[in-house]
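Structure first, then comments.
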Amino acid sequence: MRSLNFDSDKPLLYLVSTPIGNMQEVSPRTLEVLSSVDLIACEDTRVTGKLLQILSISKNLVSIREHNEVSMSQEIVKKILAGTKVAYMSDAGYPCISDPGSKLVKICLENEINVTTISGPNAALNALCASGLCENHFYFHGFLSAKESERLEELRNLISRKETLIFYEAPHRIMKTLESLHEIFGNRKACIARELTKKHEEFIRMPLEEMLKLDPETLIGEMVIVVEGSNGEEQPIVGDNDLINMVKTFVESGMSTKDAIKKVSEMTQVNKNHIYKLVHLN
């Protein structure tokens, strides 16, 4: 389907990128669109309400969040088809990027409503460009699973990617995520970008092993983690069941469990603490 967004009689949904910290990054076009629409759908009406107050804009707000995205998107579509001009904003950065909005976009397109974006800040790209790890290609993953086993599996699936890797993380999980990154990727170069565009913006550029020594109390605010891609020298990915079976084989040949775990770790380059957990949980 081809669609001309600004030379067409079709209704239009505006996706508006919002500041990730610095309020001066609101563009004149953003102000124009937010002032012209009849209704603003958003992730959190309290957060968006504060932003609009700073911008001296008063509009009706409705909340579209993960738990009501489908039902509210259907209501928004009805309003747009009835002639209401609507913009959608997430709390910070672009809608749909590790934020709600993708279901609204799909439902709009299914109902022949065009969709356009109003450019603005993006934490992943800000971090990547200043990280010192920016290559020709990158892979954006967003948030990793909070569950350790699932998080490690996600990272194992990325171990051979040569692109620079980009992750989002919250302060209360940052150290566990760094431990998982080091366990799977070893001592790759990395960068933590936090408090982007704010007064206390900080970039921490060092290998993953050194990051494990950081004081968690100093890692506050939402963070972006940038990790260099594979150099092609990593060992092939070995599944958890394979690791367990390798340890059992060495133990059956007369080796102690401790030595077997150490041996398998050396052979596969998989962190021995991870193998220890697998062996003693099974």
Legend entry - Placed amide H near LYS59: partners under 5 Å, 5+ positions off or other chain: none
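Exactly which GluC sites (Glu not before Pro) in region 70-123 are in a DSSP loop and have at most 15 other Cβ atoms within 10 Å? Spell out each step's value before the answer.
Values: sites: GLU75, GLU110, GLU112; in loops: GLU112.
The qualifying sites are GLU112.
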Legend entry - Two-site FRET efficiency, ARG173 against THR45, from Cβ-Cβ distance with R₀ of 35 Å, rounded to 0.05: 0.85
Legend entry - Distance-filtered residues of region 29-45 - backbone nitrogen under 11 Å, label point 7 angstrom along LYS79 Cα→Cβ: 38-42
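Can you list the GluC sites (Glu not before Pro) in region 213-266 that are in a DSSP coil and have 16 or fewer other beta carbons within 10 angstrom?
Numbers: sites: GLU217, GLU222, GLU228, GLU233, GLU234, GLU252, GLU266; in loops: GLU222, GLU228, GLU233, GLU234.
Passing both the DSSP loop test and the Cβ count: GLU233, GLU234.
For the chain, what proportion of DSSP beta bridges, expressed in % and rounded to the nearest 5, is antiparallel?
Details: 17 of 39 bridges.
Rounded to the nearest five, the antiparallel share is 45 percent.
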Inset, instruction - Would you mind checking the tilt of helix 240-252 against the longest principal axis of the Cα atoms of the chain, expressed as 0 to 90 degrees and rounded to 10? - result: 10
Legend entry - Gaussian network model of the chain, springs between alpha carbon atoms under 10 Å - residue of THR164, THR249, THR18 with greatest fluctuation: THR249
Legend entry - Inter-label distance for LYS147 and ARG65, nm, one decimal - labels placed 7 Å from Cα along Cα-to-Cβ: 2.3
Legend entry - Alpha carbon Rg of the chain, scaled by the compact-globule rule 2.2 N^0.38 Å: 1.24
Inset, instruction - For region 1-108, report the translational diffusion coefficient in µm²/s to the nearest whole number, using Stokes-Einstein at 25 °C, 0.890 mPa s, and a Kirkwood Rh over Cα pairs. - result: 174
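Using the C-alpha atoms of region 240-281, what convex hull volume per residue, in cubic angstrom, is computed? Provide the component values of the computation, followed by the final result.
Numbers: hull volume 2.4 nm³, N = 42.
Hull volume normalised by residue count: 56 Å³.
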Legend entry - Note, ³J(HN,Hα) from phi for region 47-57, Karplus 6.51, -1.76, 1.60, rounded to Hz, x at Gly and Pro: 5, 5, x, 5, 5, 5, 4, 4, 8, 6, 10
Legend entry - Antiparallel bridge percentage (DSSP; both residues within region 88-234; nearest 5): 75
Inset, instruction - Treating the angle as unsigned and between 0 and 90°, give the value, to the nearest 10°, between the Cα long axis of helix 69-81 and the longest Cα principal axis of the chain. - result: 30
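Where a number appears in this text, it was derived from the coordinates with a stated rule and is not lab data. None of these values were measured; they are calculated from a predicted model. Cβ atoms come from the backbone with ideal geometry, glycine included; neighbour counts cover every protein chain shown.
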